[in-house]
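Structure first, commentary second.
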């Protein structure tokens with residue numbers, strides 16, 4: 001059986017942006033879709049914790065197999081870069097929406113909020129071995145430069161889709177991102 005995971009990003013939750021819409025659309029196709037809720041910082045905490053996210057995912061790890069698809073947004077992409085080598089299970093596909101590699105390089109003012117996700121190097125070669133198909137979605141007007149997505153696409157031998165005026169693919173930058181039909185179309189090609 002296949003499970004499709006949708007992984008939210010920083011300060012996110014399963015009910016925001018295009019996540020509920022994508023889940024519903026994929027379930028109409030008969031797919032099993034899981035959108036985990038990861039711990040996010042409260043006002044008196046600094047930063048997200050990779051260990052907290054990995055511990056939360058432990059309850060889902062038995063659902064990961066060679067038919068699994070991950071759709072990740074923003075920090076969710078960084079999470080999957082750390083998660084997949086730890087699981088060591090080959091999956092079908094990984095869709096990366098607004099991913100980044102080196103947050104410190106272009107946002108040193110708030111890097112401390114992201115450091116646990118980047119404290120260990122990403123194992124690009126191992127990721128290539130573990131994922132059959134990868135696609136990257138990047139926007140020309142995102143705070144994250146297109147060069148970040150291109151770097152990831154190059155390392156993972158992935159197809160990259162560059163959008164104009166898509167911001168960070170969320171409702172905070174463009175209200176239209178309660179849906180994401182282009183992403184749905186690409187995921188459906190892997191079903």
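Read-outs throughout are calculated quantities, based only on the coordinates presented, and are distinct from any laboratory measurement. Just so it is clear, the model here is predicted, and its values are computed rather than measured. Because the Cβ atoms are built from the backbone with ideal geometry, glycine has one as well, and the counts that use them run over all protein chains shown.
For the reader, a short list of remarks on this structure follows.
- Two-site FRET efficiency, residue 119 against residue 171, from Cβ-Cβ distance with R₀ of 30 Å, rounded to 0.05: 0.50
- Residue-span extension gain [residue 87 to residue 60] - 0.36 nm each, minus C-alpha spacing: 8.6 nm
- A crude spin-label estimate for the pair residue 28 and residue 143, with each label 7 Å from Cα along the Cβ direction, gives 3.3 nm.
- Listed values [x] 18.6, 60; [y] 15.3, 44; [z] 15.8, 51, entry calculated as Rg and Dmax of the Cα atoms in Å: [y]
- Modelled this way, with points 7 Å down the Cα-to-C-beta line, the labels at residue 126 and residue 52 are 2.4 nm from one another.
- Histogrammed with a bin width of 10 Å, the alpha carbon distances of the range 18-104 distribute as 14, 47, 32, 6, 0 percent, first bin at zero.
- Extension gain for the segment residue 154 to residue 15, taken as residue separation times 0.36 nm less the Cα-Cα distance, is 46.9 nm to one decimal.
- Residue with peak Gaussian network fluctuation, the chain [Cα springs, cutoff 10 Å], from 141, 58, 92: 58
- Each of 68, 42, 140 was scored by other Cβ atoms within 10 Å of its Cβ. Arranged with the fewest first, they read 42, 140, 68.
- Normalised contact order of the chain, rounded percent, pairs of Cα under 8 Å and 6 or more residues apart: 22 percent
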